[in-house]
Amino acid sequence: TVDMYFYGFYCMKDLVVRPWGTYRVLKSTPKMVVKILHVYPGKAMSVQYHKYRNEHWKILEGEVTALIDEHWWTFLPGHRVYIPKNTVHCVRASKGHITIFEVWEGEKLDENDIIRIHHDYSSEWRV
């Protein structure tokens with residue numbers, strides 16, 4: 001059942017569906033946000049950066065191809081990655097489905113702190 005439809009994304013209870021995959025917020029406090037990201041095979045999140053938050057990733061499933069600044073990296077389950085604020089980054093599921101445990105920390109923790117440089121999707125789904 002679709003509980004909410006807004007700007008091209010929808011939530012099924014606490015699952016947020018985007019063109020690249022899904023995410024679920026597990027915990028949110030003023031100092032931290034914890035999410036699980038699932039990226040569909042062959043899909044990528046936008047090339048982006050954040051002004052106010054740092055991100056910590058732990059790869060849980062699949063082979064992650066990630067752009068960090070000007071370099072592409074491959075990460076396997078168990079890898080931990082730190083993305084400081086103002087660092088250009090992108091996640092791609094090049095070889096099948098991927099799952100990432102993501103933690104945000106910083107002075108402003110909301111979905112509006114995304115500066116998109118490039119993405120393959122219509123801008124209608126922006127928050």
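If DNA, RNA and ligands are ignored and the probe is 1.4 Å, what is the ranking of Glu55, Glu63 by accessible area, most exposed first?
Glu63, Glu55
I want the local charge near Ser94. Using Cβ-Cβ distances under 10 Å, sum +1 for each Lys or Arg and -1 for each Asp or Glu among the other residues.
Value of the local net charge: +2.
Subtracting the Cα-Cα distance from 0.36 nm times the residue separation, let me have the gained length for Asn54 to His97 in nm, one decimal.
13.1 nm
Any lysines with Cα under 22 Å of the Lys108 Cα? List them, leaving off those in the same chain fewer than 8 positions away.
Output for Lys108: Lys27, Lys31, Lys35, Lys51, Lys58, Lys85.
Can you order the peptides 72-80, 89-97, 29-37 by their average number of other Cβ atoms within 10 Å per residue, highest first?
Descending packing order for the listed peptides: 89-97, 29-37, 72-80.
Per 0.36 nm of contour for each residue apart, how much would the distance between Val25 and Asn112 grow if the chain were fully extended, relative to their Cα-Cα spacing?
Taking Val25 through Asn112 to full extension adds about 29.8 nm, to one decimal.
The values are calculated or read from the model by the stated rules, or taken from the named source; none is laboratory data. If you're wondering where the values come from, they're calculated on a predicted model, not measured in any experiment. Note that each Cβ is placed from the backbone with ideal geometry, even for glycine, and that neighbours are counted across all protein chains shown. Just so you know, the surface numbers come from the protein's heavy atoms only, side chains and all, with ligands and any DNA or RNA stripped out. Shrake-Rupley method; radii C 1.70, N 1.55, O 1.52, S 1.80 Å.
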